[in-house]
Every structure is written in structure tokens, then in C-alpha cells.
Amino acid sequence: MGGNSNKLELPKVDLTGLGMAEPGTKAWSSVQEKVASALMNYGCFQAIYNDIEAELQNGLIEQALLDVFKEEAKFSYAPSLPCSGWLLQLTGFAFKSLQLNDPESLADVQDNTMCNYAKHMQGLLQTIHRMIILSLDLDDHYHSHIKSVEYSMRLSEYFDDVQNNKTKIGMPSHVDSNYVSIILQQKEGLEIESPNHGWIRITPLPNSFTVLIGEAFMAWTNRRFRARNHRVKLDGSSKRYSIIFSSIPSRSDDMIQTMDELVDNKHPLVYKPFKYYDYLKFRFSNGEKEDTLKSYCGVEQAEAAA
Ligand SMILES: O=C(O)CCC(=O)C(=O)O
Ligand SMILES: [Fe+2]
């Protein structure tokens, strides 16, 4: 697709206070409708969330994020994916990430700002999973599904020395592999590809996050919800930081299987069941191509090879 980015905006949905709301209530249902429709049509939306307003507005989260990178030496270096470790850095890309499978491990580096952030994000992710599942009339599956979900937090630092690089791409176009990601950007850079409008550059509004569907949910829902390409384009004026908080399949129960209820003549099965962490290894060792998941476990692919 073209390289232009423009000022189109994503749908916005206010998720403030939903932790207290019960599924099925009026307050919940109107938000659910917006979440499901945005995710179905765009694969993403901008979430407004005022429940951690104080931390966001007083810069506490940003400060905590910067502090972690100042204390970088305290974290051991783990160069290999998937998900094993602490610091990962891909040659040629202008960022490094600290992958925290247990946000509480930050406790000796800082106060509990990040742990508190992680708790809120976990609650938000559970709400979003429930809304997706309810919107598909599959609520019977919610409890077993959510038991097989874990959470991951990645803190990223993008370098500021990309002036010589014309494209200033900090992270190239990709889809996320997990269920859902919630991205907090400390400054602009995230762009999402819309099938009709090219790259949409996301403005970091006050108290807002970007929510994105990943491949695990795309497979679980038989592509009713689709992962969208996104990338990070830097302005090269200063470092950029972001937090990517994600729901991921659990390490002990990582088989992703499309719900039978979502397969019919109109919607034939797209992906065979697959083990998520085996897929991540495949994706990491083969490089990401156009629709890597289909080449790994797509039904047509498997049949053609048979
Ligand atoms: O830093 C960002 O804004 C997004 C990064 C991203 O897409 C990712 O880490 O998967
Ligand atoms: Fe991503």
C-alpha cells in the first residue's frame, strides 16, 4: 500500500468505569456494540479510559517508563524470542523492548505505578474479550476461554538517531500475533493501515490507548475479527516510548482452535488448530510475510499440500 499517512481517525470508545458494570446492563451493552463494531470494521479503536487519569495526567506512567530504561542494566539480556525474556532487540530496527511476563518483577526498580497500570490493563483486556465473545453470542465459552489467557507487558524505547533513514520506520509493518494489544504511546508514531484509507497516524489523546486485534483472535473467530497491519514511523526528534500490554494464550494451554459455531457454508474454516508458541517460533525463524498465519496453518494450504 502507499506510504502516505493522513489525518483520518479511528473510532473512539469510552471504557471508563466499565470495571463496575455488569454484562447485559444498558451501560455495558451500548459500549459493547461500539467495541464490537469498531473491531469488526477496523480491527482497532481508540479507547478513552479515565480510571487512571491521575497517573496519566501527572506523567507518573511516563516517568515510570523512562525510569525502567534508566535502570536497564538491572534486567538481563535475552536476545531470543518468543517471549522468554527481558530485553529483545532486532537488528536493523530502531527500537528495543523490555518484555515483562510478570510486571511485579519491576517492584525493585520502582514504586507500584507500573503494577497498578498492569492491573488496569488486565481488567480492560478481560472486558474487551468478554465484549467480543458476547457480540458473537458465544458467552458460554467466555469462562473457559479467559482461563486460558495470560498477559504480557512490553516496554519499548525507540531511538532518536533515525535522521539518516529516510523512511524513519522504527518498527516495520506487521500484525500482532496475540489476542488483543493495548498500546499507550508517549508520543506520536503508531500508524495503522486501513484497507480503504492507507496509513492512519494515531494521535495520542489524553487518557487514551489504541486497542488492536491480533492473529490469535482472528483465528479463534474465523476471521470475523481481523488483525490489521500497523507500524511505527518516527520523527527522529527525540526518543519515543510506548507500552504494549497484551492478552496472550497461556503457556500451558496454547492450542488455538476456531469456534465451531463460527464455521458454516458462508464462513468456511480458515485456519486449522495450531499451537500458538510453535507458531511464534515459526514466525520468528521464517520472518513475517504477507499472512504468515495462513501459510502456517491455513486450511487451503494444508489441503493443497496433502
Ligand atoms: O510502539 C508502538 O506504538 C507500537 C509497537 C507495536 O506495534 C508492537 O510492539 O507490536
Ligand atoms: Fe504491533
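Observations
- Selection within the range 7-35 - part of a loop (DSSP other than H, G, I, E, B) and touching a His at 6+ places or on another chain (Cβ under 9 Å): L8
- Members of the range 157-170 found to be in a loop (DSSP other than H, G, I, E, B) and either within 13 Å of ligand 1 (Cβ to nearest atom) or aromatic (F, W, Y) (or both), listed by number: F159
- Residue in the range 240-260 that is modelled with pLDDT of 90 or more, assigned to a helix (DSSP H, G or I) and not polar (S, T, N, Q) present: yes
- Checking R154 against (1) under 14 Å from the mean Cα position of the chain (by Cα); (2) more than 13 Å from ligand 1 (Cβ to nearest atom); (3) among the charged types (D, E, K, R), the condition it does not meet: (2)
- For the residues R228, R283, the requirement of being within 19 Å of the chain's Cα centre (by Cα), assigned to a loop (DSSP other than H, G, I, E, B) and farther than 30 Å from K70 by Cα singles out R228.
- Hits in the range 211-226 - residues which are within 16 Å of ligand 2 (Cβ to nearest atom) and without any contact (Cβ under 8 Å) to a residue 60 or more places away in the chain: G214
- Flag for N222 being in contact with a His (Cβ under 7 Å, 6 or more places away or on another chain), more than 23 Å from L56 (Cβ to Cβ), away from ligand 1 (no atom under 14 Å from the Cβ) and outside any helix (DSSP H, G or I): yes
- Some residue of the range 101-111 being buried (at least 16 other Cβ atoms within 10 Å of the Cβ), outside any loop (DSSP other than H, G, I, E, B) and modelled with pLDDT under 85: yes
- If the condition is being more than 12 Å from ligand 2 (Cβ to nearest atom) and not in a loop (DSSP other than H, G, I, E, B), then the range 194-210 contributes S194, G198, W199, I200, R201, S208, F209.
- Close Cβ contacts (under 6 Å, 6 or more residues apart or on different chains) running from residues in the range 284-303 that are modelled with pLDDT of 75 or more to residues that are of a type in the set (K, R) and surrounded by fewer than 11 Cβ atoms within 10 Å (Cβ to Cβ) are absent.
- Long-range neighbours under 7 Å by Cβ, at least six apart or interchain, first residue charged (D, E, K, R) within the range 92-120, second in a helix (DSSP H, G or I) and at pLDDT 65 or above: E104/C115
- Residues in the range 236-269 that are among the charged types (D, E, K, R) and either under 21 Å from the mean Cα position of the chain (by Cα) or within 16 Å of ligand 1 (Cβ to nearest atom) (or both): 5 in all.
- Flag for Y241 being more than 22 Å from A94 (Cβ to Cβ) and crowded, with 20+ Cβ neighbours inside 10 Å: no
- A Cβ distance below 7 Å, combined with a sequence gap of six or more or placement on separate chains, defines the contacts here; from the range 171-186, residues that are near ligand 1 (Cβ under 10 Å from one of its atoms) reach residues that are of a type in the set (G, A, S) and part of a loop (DSSP other than H, G, I, E, B) in the pairs V175/G214; V175/A227; D176/G214; D176/A227; S177/G214; N178/G214; S181/G214.
- Taken together, the criteria place E157 among residues that are among the charged types (D, E, K, R) and modelled with pLDDT of 70 or more.
The values are calculated or read from the model by the stated rules, or taken from the named source; none is laboratory data. Remember, it's a predicted structure, so these values are computed and weren't measured experimentally. Here the Cβ is made from the backbone with ideal geometry for all residues, glycine too, and neighbour counts use every protein chain on show.
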